[in-house]
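Notes follow the structure.
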Amino acid sequence: MQKISLVILFLLLTNVLVKAQDLSLFEKQWIMQSGDTMPFRVLLPENYDPAKKYPLVLFLHGRGESGTDNEKQLTHGARMFLQDSIRKNYPAIVVFPQCAANSYWSNVQAVTTGSKTGKRTFYFVPVGEPSQSMKMLQGLVGNLLERYPVKMDQVYIMGLSMGGMGTFELVRRMPGLFAAAIPICGGAHPATAPQLVKTKWWIFHGGKDDVVLPVYSEQMYAALQKAKANVQFKLFPNANHNSWDPTFAEPGLLKWLFSQKKK
């Protein structure tokens with residue numbers, strides 16, 4: 001009898017785990033504009049009701065997940081939003097777009113030393129035309145706001161690495177839209193901080209990051225403080241570039257995010 005009970009418990013736990021890892025719940029979609037195409041995935045709330053309005057969360061992946069397969073962008077972060085507790089407590093429309101491999105979310109210049117694969121430093125361009133993927137991203141955001149019932153005071157953005165850089169830039173290019181933003185191991189030009197003060201910020205970075213140095217987040221934190229923005233910063237002293245792992249495990253991360261509302 002005890003063995004049967006253990007088997008049933010195992011099957012139930014396996015079913016819960018499989019459900020939580022079911023990335024196919026993120027529906028595949030593509031947006032086409034001016035001859036270009038951007039893949040993206042959409043997770044709707046459980047028991048989605050188009051007559052109701054929901055928060056919108058946009059998540060920008062890092063460089064390694066670029067492409068056109070409409071799969072890789074779910075590598076980091078997507079499973080967090082599939083957790084039963086998250087879906088029940090924070091019903092939201094969650095969108096993961098995919099950046100083209102030959103483009104970049106933000107208007108940033110990467111300079112390598114010694115060889116093409118050498119250590120990189122970044123120069124964030126504070127003005128100028130957006131990248132092609134940023135143009136597509138802005139078009140996608142407008143499209144989502146038209147097609148889905150979104151609570152306009154609860155539009156959020158998160159991103160890691162290249163996506164953390166894109167988070168800063170998209171908020172700058174669409175001022176007043178996002179209630180809150182969470183850039184992870186990213187960065188931006190400090191001179192852009194005054195354009196970002198309408199959004200609340202929680203910045204994360206790894207203290208041992210040797211891919212995108214923590215100084216880029218530290219500079220943005222200082223600049224946002226100087227601009228009187230609502231901003232907090234957490235440095236994980238022992239984390240390298242994968243600081244998204246401790247960020248996703250941060251107690252109260254999504255509670256903080258979904259509690260922010262645009263005035």
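The values are calculated or read from the model by the stated rules, or taken from the named source; none is laboratory data. Every value quoted in this text rests on a predicted model; they were computed, and no experiment measured them. As a convention, Cβ positions derive from the backbone with ideal geometry for all residues, glycine included, and neighbour counts pool all protein chains shown.
Couple of notes before you dig in:
- Residue 110 at pLDDT below 95 and either loosely packed, with under 14 Cβ neighbours inside 10 Å or at negative phi (or both): yes
- Subset of segment 89-103 that is in contact (Cβ under 8 Å) with a residue 60 or more places away in the chain and assigned to a loop (DSSP other than H, G, I, E, B) - its residue that is surrounded by the fewest Cβ atoms within 10 Å (Cβ to Cβ): 100
- Wholly enclosed strands (runs of 3 or more DSSP E) of segment 127-213 bearing at least 3 residues touching a Gly at 6+ places or on another chain (Cβ under 9 Å) and touching a residue at least 60 places away in the same chain (Cβ under 8 Å): 150-160
- Being in contact with a helix residue (DSSP H, G or I) (Cβ under 9 Å, 6 or more places away or on another chain) and surrounded by fewer than 21 Cβ atoms within 10 Å (Cβ to Cβ) is a property that holds for residue 71.
- All conditions in (1) at pLDDT 95 or above; (2) exposed (fewer than 15 other Cβ atoms within 10 Å of the Cβ); (3) not in a helix (DSSP H, G or I) hold for residue 116, with the sole exception of (1).
- Condition met for residue 123 (outside any helix (DSSP H, G or I), surrounded by 17 or more Cβ atoms within 10 Å (Cβ to Cβ) and out of contact with any Ser or Thr (no Cβ under 7 Å at 6 or more places or on another chain)): no
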